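First the structure, in the form of structure tokens, and then the observations on it.
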Amino acid sequence: MAVYIDINRCIGCRSCEVACQRVHGGHGHINVHYVGDYAAVPVLCHHCQEAGCTMVCFSGALHKEGEVTAFDVEKCTGCGLCALACPFGVVWTDKLAHKCDLCQGREEGPACMATCPANALSDDFELAARRARERSARAVALGGRR
Amino acid sequence: MIRVDARVCLGCMSCSNVCPSQNITRSEDSGRRTVHWKRCKEECDLCVELCPAKALSLVPWDENIPEPEISFDLVACRICGSPYATLPMLQRIESTLPAEMQKDASGLEWIRICPVCRRDVEAEGTVRQMVLARSRK
Amino acid sequence: MTKVLVPTVCPYCGAGCGFYIAVEKEKASGIEYMPDHPVSQGALCAKGNAALEILCHPERLVSPLKRRGEGWVRISWPEAMDLVARGLSQAKKKHGPRSLAFLSSSKCSNEDNYLMQKLARLLGSPHIDNCARLCHSPSVVGLNRTLGAAGMTNPIPDIASSRCIFIIGSNLAENHPVISRWIHRAKDQGATVIVADPRATPTSWMADIFLQLEPGTDVALLNGMAHVIIKEGLINRDYIDRSTRGFEALAEAVKEATAERTAEITGVAAEDIVHAARAYAKSPASSILYSMGITQHSTGTDNVQAVSNLALICGQLGRPGTGVMPLRGQNNVQGACDMGALAEFYPGYKKAADPKTIQYFSAAWSVHDLPLGPGLTATEMIEAAAAGTIKAMYIMGEDPANSDPCSENVRQALESLDFLVVQDIFMTATAQLADVVLPGAVWAEKEGSFTNTERRVQWSHKAIEPPGVARSDGEIICDVARSMGLQFDYPHAASVLDEINRTVPQYAGITRERLDAGSIAWPCPNADHPGTPILHCSGFNLADGRASIVPVAFRPAAEAASSDYPLILTTGRVAVHHNAGSMTRRSPSLISREPDLYVEMNREDAAALDVQDGDEVKITTIRGETAAIARLGDRVKKGVVFMPFHFPGTNILTTETTDREARIPEFKVCACNISRRD
């Protein structure tokens with residue numbers, strides 16, 4: 001499981017950033033990037049099946065737990081190798097490493113998903129694709145929007 | 001006292017973080033990271049155990065041996081130029097990750113760009129088609 | 001450790017999202033989302049998520065203060081009340097009650113606003129207003145005239161049922177972010193979205209048709225669309241005949257407004273104008289969402305009426321998925337207006353100039369000598385202070401020194417008052433000019449009812465105590481009233497709501513008990529009435545139930561580009577900040593994300609001035625100059641620049657010219673020049 005993005009819906013409001021930062025004591029794990037003047041999209045941990053961060057972590061702090069790329073802070077020495085091993089730049093070290101933990105400590109699940117005003121984030125991998133397919137079907141049925 | 005094998009030290013942040021007595025200092029200035037190991041009489045060996053490169057060892061106290069200090073030029077990001085990592089750390093990543101993981105779909109060697117640029121590249125790639133469509137309207 | 005979740009209404013925008021404040025050991029320990037909130041469904045924007053950061057902020061006002069030289073000295077509440085009573089009484093005695101002016105707060109609750117306007121009027125002053133004057137006063141004036149009621153006609157979730165959504169002069173993706181989810185739901189069902197804005201914004205990213213018009217040409221665009229709709233026979237003849245008056249005059253007025261002519265004036269391609277007009281008129285349910293881009297003009301009231309005309313000639317009102325939707329900015333600007341904290345209206349929109357209104361409230365309040373209005377509006381109060389006809393002011397939760405145009409004049413005007421008392425939560429630029437400063441409570445520290453942009457009234461509960469000796473605004477107003485010899489006996493906010501139920505017909509059935517069960521949209525004439533989510537379903541609250549179509553002619557903005565000032569400056573907002581920024585600029589999560597005042601420039605304009613992205617530049621208008629960081633891009637067309645007004649400095653530049661009726665300043669258009677600072 002990971003948090004997936006319907007890129008069509010992101011409005012660049014950065015609510016996910018502030019929420020993630022808030023529930024993680026000041027260290028957020030999601031960053032909204034603006035691409036020119038035409039789009040914004042949050043960048044966050046993919047919980048890769050083959051995760052570079054877990055491969056370089058010599059202490060075992062970063063490891064896979066099923067689908068999730070998990071982090072055991074007790075084992076972390078703050079070396080910084082993990083931050084350099086993430087292709088998406090979404091692992092950080094600041095005395096200790098931190099990364100998206102899918103809000104494990106939060107009963108309701110990921111804060112970013114709950115807070116997104118545009119409803120752009122979800123744990124349903126298929127959602128964005130489904131919405132796009134439904135839109136196309138309706139556009140065809142209605143003879144196109146324009 | 002701490003002895004450092006400068007041939008294998010990565011210039012990472014482990015020992016300076018874990019030392020409970022602040023005997024190991026790390027500073028960064030104008031694209032250079034310097035680690036300095038002070039003389040210590042401590043009984044612990046956290047820095048030795050928790051060094052990813054096994055570069056440290058403990059030797060008996062000796063006033064005449066100078067305190068080890070190593071400086072690393074931080075490698076510049078290939079996109080934005082900001083210094084972001086020591087070369088030995090990057091080389092460690094490159095020798096650990098499988099070769100096929102080290103280039104992205106467009107052939108970009110992402111290990112040699114900084115985390116901020118990695119996020120930008122990811123963002124741009126994700127929305128490329130949509131940006132084209134929106135800018136045409 | 002017991003954690004209590006206290007339901008509150010977000011203190012920021014008019015969407016009125018709810019969230020819980022987690023309280024542990026009498027401190028606010030966190031926020032929990034509210035998944036069953038009808039508008040937000042648990043979502044919360046960046047500002048809402050950061051809301052707790054102002055609670056224990058070191059700069060919170062915690063004690064009443066008295067000016068001493070350039071500094072302040074802490075005083076007790078009794079001393080503060082004594083000073084305030086003396087300051088106001090002296091002015092009243094020497095110069096009459098009409099030398100007193102009151103500014104109420106669209107951030108404060110309905111109860112606070114009701115008390116403030118009652119205080120002003122019982123003291124004999126008709127001069128009471130709130131910052132709605134600077135944002136939606138044209139909607140209050142215009143929509144009351146055309147539709148008989150000023151408020152969003154349909155609720156936000158209803159937008160999902162719309163088949164064509166026309167967003168004009170609103171950047172709701174940044175300023176009312178939760179509305180985006182409802183628009184996307186509509187889009188998923190095949191709806192067409194039209195966005196009209198001089199700037200490309202995240203809102204325009206949602207558009208199927210983007211009309212990038214020149215600032216200040218909205219009436220031209222709307223008349224042009226009306227022309228196309230009439231010419232192509234797309235009007236709703238049946239609706240016009242049944243429910244409106246004045247169509248013939250409009251048809252005549254827009255005869256010359258062809259698509260080509262409109263394209264010349266607005267800079268929008270003729271075929272796009274036609275496209276948008278057809279899409280809006282042909283769709284079975286179309287809604288118009290608008291905000292400051294329509295109102296903050298010297299022709300703001302005209303703009304609003306033009307919007308209303310479009311909806312009326314197409315019959316796009318009174319049904320699900322339709323509507324005319326002014327998106328109100330502040331959490332309680334709708335409520336502040338409903339409560340009559342307005343120069344031209346008593347509570348419930350009874351006209352202040354109507355003797356029958358005076359009769360009604362004289363009976364309701366058991367008093368004589370209520371002042372006949374209209375009073376001075378917020379913008380006029382400042383002019384009058386400068387001219388010396390207003391001698392004393394009581395300002396609550398407003399920052400005219402930052403929010404009003406032409407800051408320099410505002411400062412001088414407030415400084416020239418004999419007595420100024422400011423009630424706020426931070427030492428704002430306006431509070432800096434006061435003789436006495438009173439520390440108020442924020443939303444989490446008091447309870448009361450708040451009315452969002454959908455006319456939805458919600459009760460916000462008290463979570464924690466205010467810091468120091470700060471008090472709830474309602475309590476402070478009652479104290480001031482009592483120090484002036486008035487009998488203001490309201491043990492709690494609920495008792496004020498009781499009186500509101502008795503004196504404001506639209507709120508008659510919105511009782512404290514019912515609000516515990518959920519929100520209610522006014523009008524709600526009695527305790528059994530469910531409230532009125534959709535307005536105008538069966539006619540309009542005007543003569544013979546008909547709406548008024550009021551033709552308006554295009555008039556350009558007051559200031560045009562000139563050789564000295566060749567660029568048009570338009571101002572607006574960004575997602576992480578709110579209005580004058582007194583709260584958001586003090587919130588670390590928010591200020592870190594948008595730390596500086598910037599000016600958005602078109603790349604061509606920047607190149608011509610040798611300005612690069614990130615350069616510090618000087619922006620000048622005939623009124624003054626400000627420095628900002630240049631941000632280059634494609635959001636604005638050549639000749640137009642944009643600045644956010646959350647930072648002091650932007651309003652040094654803006655023009656004081658106002659709309660003739662609504663008295664709103666033309667924040668959206670003025671002429672400027674830009675040069676590099678070095």
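The values are calculated or read from the model by the stated rules, or taken from the named source; none is laboratory data. The shown structure was predicted, so the numbers you read here are calculated from the model rather than taken from an experiment. Note that we place each Cβ from the backbone using ideal geometry, even for glycine, and neighbour counts take in every protein chain shown. The accessibility values were calculated without ligands, DNA or RNA, using every heavy atom of the protein model including side chains. Shrake-Rupley method; radii C 1.70, N 1.55, O 1.52, S 1.80 Å.
Rounding to the nearest 10 and keeping the result within 0 to 90°, find how far the Cα-based axis of helix A:127-141 lies from the longest principal axis of chain A.
Long axis of A:127-141 versus the principal axis of chain A: about 10 degrees.
Mind giving me the FRET efficiency for B:V8 and A:C48? R0 is 22 Å, r the Cβ-Cβ distance, nearest 0.05 is fine.
0.20
Partner chain Cβ atoms within 10 Å, averaged over the residues of B:113-122 - can you pull that number for me?
Average neighbour count from other chains, rounded to a whole number: 6.
In sequence order, what are the phi-derived ³J(HN,Hα) couplings for segment C:57-71 according to the Karplus relation 6.51 cos²θ - 1.76 cosθ + 1.60 with θ = phi - 60°, rounded to whole Hz, with x for glycine and proline?
Per-residue couplings from phi come out as 4, x, 8, 4, 6, 10, 8, x, 10, 10, 6, 9, x, 8, x Hz.
Quick one: which residues, 5+ away or cross-chain, put their amide H under 5 Å from the amide H of C:A521? H built at 1.01 Å from N.
Amide H neighbours of C:A521, under 5 Å, 5+ apart: C:V457, C:T532.
Taking each residue in A:25-36, count the Cβ atoms of any other chain within 10 Å of its Cβ, then average. What number comes out?
Other-chain Cβ atoms within 10 Å of each residue's Cβ, averaged: 4.
Residues of segment B:46-60 with backbone nitrogen within less than 17 Å of a virtual label 7 Å along the Cα-to-Cβ line of B:K38, please, listed as ranges.
Only B:46-47 fall inside the zone, counting backbone N under 17 Å.
How big is the charge dipole of segment C:567-676 about its Cα centre, in debye rounded to the nearest 20, if each Lys and Arg gets +1 on its Cβ and each Asp and Glu gets -1 on its Cβ?
The calculation lands at about 280 debye.
Which value in nm describes the separation of the simple spin-label points at C:S29 and B:S71, placed 7 Å from the Cα toward the beta carbon?
Output for this residue pair reads 5.0 nm.
Please arrange A:E134, C:E111, C:E513 by accessible surface area, largest first, computed with a 1.4 Å probe and ligands excluded.
The most accessible residue leads, giving C:E513, A:E134, C:E111.
Among residues other than C:C337 whose Cβ falls under 12 Å from its Cβ, what is the net charge (Lys/Arg +1, Asp/Glu -1)?
Net local charge, C:C337 excluded: 0.
Take C:Q412 and C:A608, extend 7 Å from each Cα along the Cα→Cβ direction, and tell me the distance between the two endpoints in nm.
Between C:Q412 and C:A608, the label points sit 3.3 nm apart.
Here is the link list: C:K107/C:K351; C:K25/C:K118; C:K27/C:K66. Which ones come out longer than 26 Å on Cα distance?
Long pairs (Cα-Cα over 26 Å): C:K25/C:K118; C:K27/C:K66.
Given charges of +1 on the Cβ of Lys and Arg and -1 on the Cβ of Asp and Glu, with all other atoms neutral, how large is the dipole of chain C about its Cα centre, in debye to the nearest 20?
The calculated dipole for chain C is roughly 920 debye.
Give, in nm to one decimal, the length gained when the segment between C:E260 and C:R660 is fully stretched (0.36 nm per residue of separation minus the Cα-Cα distance).
Here the segment from C:E260 to C:R660 would lengthen by 141.1 nm.
Would you mind checking which residues have amide H under 5 Å from A:D72's amide H? H placed 1.01 Å from N; only 5 or more apart, or other chain.
Long-range HN contacts for A:D72: A:L62, A:H63.
Place a point 7 Å from Cα of C:E616 in the direction of its Cβ. Which residues in segment C:557-600 have their backbone N less than 15 Å from it?
Inside the label zone: C:596-599.
R0 = 22 Å: FRET efficiency of C:V62 with C:Q432, Cβ-based, nearest 0.05?
That gives a FRET efficiency of 0.85.
Could you size up the charge dipole of the protein assembly as shown around its Cα centre, putting +1 on the beta carbon of Lys and Arg and -1 on that of Asp and Glu, and report it in debye to the nearest 20?
For the protein assembly as shown, the charge dipole is close to 1400 debye.
Tally up the carbon and sulfur contribution to the accessible surface of the protein assembly as shown as a whole percent, 1.4 Å probe, everything protein left in place.
Answer for the protein assembly as shown is 50 percent, counting heavy atoms of protein chains only.
Calculate how many DSSP beta bridges within segment C:576-678 are antiparallel, expressed in % of all such bridges and rounded to the nearest 5.
70 percent
Around C:I31, which amide H atoms from residues at least 5 apart in sequence, or from another chain, sit under 5 Å from its own amide H, with H modelled in the peptide plane?
For C:I31, the qualifying residues are C:A22.
Nearest 10 degrees, 0 to 90: what angle lies between the long axis of helix B:115-136 and the longest principal axis of chain B (Cα atoms)?
Tilt relative to chain B: about 10 degrees.
Take the eigenvalues of the Cα gyration tensor for chain C, scale each by 5, and report the square roots as semi-axes in whole Å, largest first.
Result for chain C: semi-axes of 37, 30, 25 Å.
Report the FRET efficiency, 1/(1 + (r/R0)^6), for A:A141 and B:D62, where r is their Cβ-Cβ distance and R0 is 60 Å, rounded to 0.05.
For A:A141 and B:D62, the calculated efficiency is 0.10.
Can you pull the accessible area of A:L62 for me, 1.4 Å probe, Å² to the nearest 10?
10 Å²
May I ask you to evaluate 6.51 cos²θ - 1.76 cosθ + 1.60, the Karplus curve with θ = phi - 60°, for each residue of segment B:66-77 and list the ³J(HN,Hα) values in order in whole Hz, giving x for glycine and proline?
Per residue, the Karplus-derived 3J(HN,Hα) values read x, 5, x, 8, 10, 10, 10, 6, 6, 5, 8, 4 Hz.
How many Cβ atoms of partner chains, on average, are near each residue of C:23-32 if near means within 10 Å of its Cβ?
Across the residues of C:23-32, the mean count of other-chain Cβ atoms within 10 Å is 1.
Which residues make up the longest stretch of chain C that has no trypsin sites (Lys or Arg not before Pro) in a DSSP loop with at most 14 other Cβ atoms within 10 Å?
For trypsin sites (Lys or Arg not before Pro) (loop position, at most 14 other Cβ atoms within 10 Å), the longest site-free span of chain C is C:256-637.
Give the accessible area for C:M643 in Å² (nearest 10); use a 1.4 Å probe, count only protein heavy atoms, and leave out ligands, DNA and RNA.
Accessible area, nearest 10 Å²: 0 Å².
What does the highest-first list of C:516-523, C:307-314 look like by mean Cβ count within 10 Å?
Put in order of decreasing packing, that is C:307-314, C:516-523.
Using Cα atoms only, what is the angle between the long axis of helix B:87-96 and the major principal axis of chain B, expressed in degrees (0 to 90) to the nearest 10?
So the helix axis and the longest Cα principal axis differ by about 70 degrees.
From the phi of every residue in segment C:251-267, what ³J(HN,Hα) in whole Hz does the Karplus formula 6.51 cos²θ - 1.76 cosθ + 1.60 yield, where θ is phi - 60° and glycine or proline is x?
4, 5, 5, 9, 4, 8, 7, 5, 4, 5, 4, 5, 4, 4, 6, 8, x
Quick one: ranking C:H136, C:H536 by accessible area, 1.4 Å probe, largest first, what do you get?
C:H536, C:H136
Ranked highest first by the average count of other Cβ atoms within 10 Å around their residues, in what order do B:42-52, A:78-88 fall?
Per-residue mean Cβ counts within 10 Å order the peptides as A:78-88, B:42-52.
What span do the alpha-carbon atoms of segment C:567-676 cover on each of the three principal axes, reported in whole Å from largest to smallest?
Largest to smallest, the principal-axis extents are 40, 37, 23 Å.
Measuring from a point 7 Å past the Cα of A:H27 along Cα-to-C-beta, which residues in segment B:109-128 have an amide N at less than 18 Å?
B:115-116
If the cut-off is a Cα-Cα distance under 25 Å, which lysines reach C:K637, setting aside same-chain residues fewer than 8 apart in sequence?
Filter leaves B:K137, C:K618, C:K668.
Under a plain spin-label model, where a point goes 7 Å from the Cα along Cα-to-Cβ, how far apart in nm are C:K356 and C:V469?
4.8 nm
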